[in-house]
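Notes to accompany the following structure.
The values are calculated or read from the model by the stated rules, or taken from the named source; none is laboratory data. Here the structure is a predicted model, which means the values were calculated and not measured. Here the Cβ positions follow ideal geometry from the backbone for every residue, glycine too, while neighbour counts run over all protein chains shown. Each accessible area value is taken on the protein alone, full model and side chains, heavy atoms only, with ligands, DNA and RNA left out. Shrake-Rupley method; radii C 1.70, N 1.55, O 1.52, S 1.80 Å.
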Amino acid sequence: MKEIVINGVKIRPGQSIQIDIAIARLPTHTLIDLPIFIIRAKEDGPTVLISGGVHGDEINGIVAVKKFLEEPDLELIKGTVIFIPLVNVYGFLSSSRTFPDGRDLNRSFPGSKKGSLASQIAFILTNEIIPLIDYGIDIHTGGRMLSNYPQIRVDYKDKVGLELSKAFGTHFVLNSAHIDKSFRKEAYKRRKSIMVYEGGESMRLDPYAVEEAVSGSKRLLFHLGMIADPGIASKPTIILSDSSWTRAKVSGIFTSSVELGNEVKKGQILAKISDPFGRVRVPIKASFNGYVIGLNNNPVVNAGDALVHIGRC
């Protein structure tokens with residue numbers, strides 16, 4: 001059987017264990033750890049990472065991984081699952097996407113042992129986690145006041161990742177190119193497939209987005225033969241070739257005419273922007289056929305703001 005060692009600790013077949021990797025200290029000298037939970041079956045098989053909180057304000061991912069960990073009947077038939085519910089502890093403590101110095105962990109890979117805080121954590125993930133895994137699901141949300149409908153983002157050049165994205169079985173799979181210095185690209189460079197799940201918005205719990213993250217992860221593990229059939233039906237998955245945000249042409253009060261998941265046609269009115277006095281009304285129309293996969297929840301917008309994210313088949 002393959003050897004699995006994290007932070008010098010060997011995880012044996014049939015073992016479930018928590019490993020705390022010391023990261024750094026707060027200015028108060030309080031020690032900050034990165035808790036990692038590992039469940040290993042007695043039989044060898046794939047190693048899958050399920051992670052959340054790479055951006056500290058994306059609470060849905062943290063809760064989804066925590067909920068999966070709390071499953072009382074989670075029993076692996078084969079393989080290993082590595083859970084990291086909260087990757088960016090610093091961002092979580094400050095309700096921020098980034099680290100105290102403003103750096104984005106997901107733009108800091110492969111990292112450095114002596115670099116910034118973000119770089120140090122990226123270094124840990126690059127050297128302690130990526131070499132062990134075969135596949136991964138990294139759970140994210142939209143930004144502040146920007147909500148995403150449950151979707152998997154994967155670079156279609158990653159054929160294995162695309163197949164697993166379909167097995168995840170949520171509403172949409174979106175072609176999303178690898179971004180330089182991201183967690184996903186660093187794994188891909190090492191021939192590992194990490195898919196990004198998007199659902200809900202930051203700093204707001206979305207029960208459905210959390211439920212789909214957990215259900216999709218179970219469907220994926222079943223597809224890999226790692227767990228028994230969870231009995232959770234896949235959604236009718238729509239494969240999207242690309243996507244684009246429709247943006248505000250003027251500033252004002254934004255009123256959407258569509259909801260997340262809706263199918264839209266070219267020329268269809270998606271929303272209206274008006275001034276506070278009822279004198280100006282500007283329609284926002286779809287520029288192509290597609291589906292609403294993201295939506296701005298802010299009622300007051302400025303010219304150029306992203307309003308409706310449409311995925312194209």
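Summary of values
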read-out	value
Near pairs, Cβ below 6 angstrom, 6+ apart or cross-chain, from region 294-313 (under 12 Å from Glu201 (Cβ atoms)) to any residue that is part of a loop (DSSP other than H, G, I, E, B)	Leu295/Leu260; Asn297/Met145; Asn298/Met145
Number of the condition not met by Asp33 [criteria: (1) in a loop (DSSP other than H, G, I, E, B); (2) over 17 Å from Leu224 (Cβ atoms); (3) open to solvent by 40 Å² or more (accessible area, probe 1.4 Å)]	(1)
Every residue from region 83-102 that is buried (at least 16 other Cβ atoms within 10 Å of the Cβ), farther than 25 Å from Glu70 by Cβ and either of a type outside the set (Ser, Thr, Tyr) or without any contact (Cβ under 8 Å) to a residue 24 or more places away in the chain (or both)	Arg97, Phe99
Residue match in region 207-218 (condition: closer than 25 Å to Ile130 by Cβ, open to solvent by 50 Å² or more (accessible area, probe 1.4 Å), modelled with pLDDT of 95 or more and not hydrophobic (A, V, I, L, M, F, W, C))	no
Residue within region 89-106 that is under 24 Å from Lys10 (Cα atoms) and not acidic (Asp, Glu) present	no
Flag if Tyr156 is open to solvent by 50 Å² or more (accessible area, probe 1.4 Å), modelled with pLDDT of 95 or more and touching a helix residue (DSSP H, G or I) at 6+ places or on another chain (Cβ under 8 Å)	no
Residues of region 14-30 that turn out to be open to solvent by 50 Å² or more (accessible area, probe 1.4 Å) and more than 25 Å from Gly216 (Cα to Cα), as a count	7
Some residue of region 243-263 being at pLDDT below 95 and either farther than 25 Å from Asn297 by Cβ or in contact with a Gly (Cβ under 9 Å, 6 or more places away or on another chain) (or both)	yes
Flag for Arg103 being more than 24 Å from Gly199 (Cα to Cα), in contact with a Ser or Thr (Cβ under 6 Å, 6 or more places away or on another chain) and of a type in the set (D, E, K, R)	no
Matching residues, region 57-70, being part of a loop (DSSP other than H, G, I, E, B) and either buried (at least 17 other Cβ atoms within 10 Å of the Cβ) or in contact with a helix residue (DSSP H, G or I) (Cβ under 8 Å, 6 or more places away or on another chain) (or both)	Asp57, Glu58
Strands (runs of 3 or more DSSP E) wholly inside region 239-294 containing at least 3 residues that are open to solvent by 40 Å² or more (accessible area, probe 1.4 Å)	242-247, 252-256, 281-285
